[in-house]
1. Excluding Phe35 itself, what net charge comes from residues whose Cβ is under 13 Å from its Cβ, given Lys and Arg +1 and Asp and Glu -1?
2. Using the Karplus curve 6.51 cos²θ - 1.76 cosθ + 1.60 with θ = phi - 60°, work out ³J(HN,Hα) for each residue of the range 92-100 in order, rounded to whole Hz, and write x for Gly and Pro.
3. Shape call for the range 47-102 from the C-alpha gyration tensor, a ≥ b ≥ c root eigenvalues: rounded (a/c under 1.5), prolate (a/b greater than b/c) or oblate?
4. How far apart, in nm, are two points set 7 Å out from the Cα along the Cα-to-Cβ line at Met95 and at Glu22?
5. Could you check the spin-label model distance between Ala84 and Ser104? Points 7 Å from the Cα along Cα→Cβ, value in nm.
6. Work out from phi, with θ = phi - 60° and the Karplus expression 6.51 cos²θ - 1.76 cosθ + 1.60, the ³J(HN,Hα) of each residue of the range 57-71, listed in order in whole Hz, and give x for Gly and Pro.
7. Determine ³J(HN,Hα), in whole Hz, for all residues of the range 32-49 in sequence, where each value follows from phi through the Karplus function 6.51 cos²θ - 1.76 cosθ + 1.60 and θ = phi - 60°; x replaces Gly and Pro.
8. Leaving out ligands, DNA and RNA, and with a 1.4 Å probe, what % of the accessible surface on the range 27-106 is carbon or sulfur?
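The values are calculated or read from the model by the stated rules, or taken from the named source; none is laboratory data. All values reported here derive from a predicted model rather than from experimental measurement. All Cβ positions, glycine included, derive from the backbone under ideal geometry; neighbour counts span all protein chains shown. For accessibility, only protein heavy atoms count, side chains too; no ligands or nucleic acids. Shrake-Rupley method; radii C 1.70, N 1.55, O 1.52, S 1.80 Å.
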Amino acid sequence: METPGTVTPEAPFEPSQPPVIEGFSPSVYSTSESFKEKFIRKTRENPMVPIGCLGTAAALTYGLYCFHRGQSQRSQLMMRTRIAAQGFTVVAILMGLAASTLKSRP
């Protein structure tokens, strides 16, 4: 039975350093940003997503309030409005994604 030849790695594995992958940059932005800064930047890039999220939350909250008060017709209307607001939010996310893809193309 033959023994395989010894293989020496080019460089030792260093767990404290990220791997180097050609053509890939792990950080697009040179400085790390806080949650607030990132939220503001993302909101400016695509302002329709937070608007859709707020509309969804408002319709859900008011619909649950109407359900609690026994106003079933209005509660049903608000649940349908919530579905429409969720659809608006998903479309806004997809449109923002498409816009950023087209913008980053050379």
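1. +2
2. 5, 5, 5, 5, x, 5, 5, 5, 5
3. Cα axes put the range 47-102 in the prolate bin.
4. Taking the two extended label points, one gets 4.1 nm.
5. 3.4 nm
6. Using θ = phi - 60°, the values come out as 5, 5, 5, 5, 4, 5, x, 5, 4, 5, 5, 5, 7, x, 8 Hz.
7. 7, 10, 6, 4, 4, 5, 5, 4, 5, 5, 5, 5, 5, 5, 9, x, 6, 5
8. 66 percent
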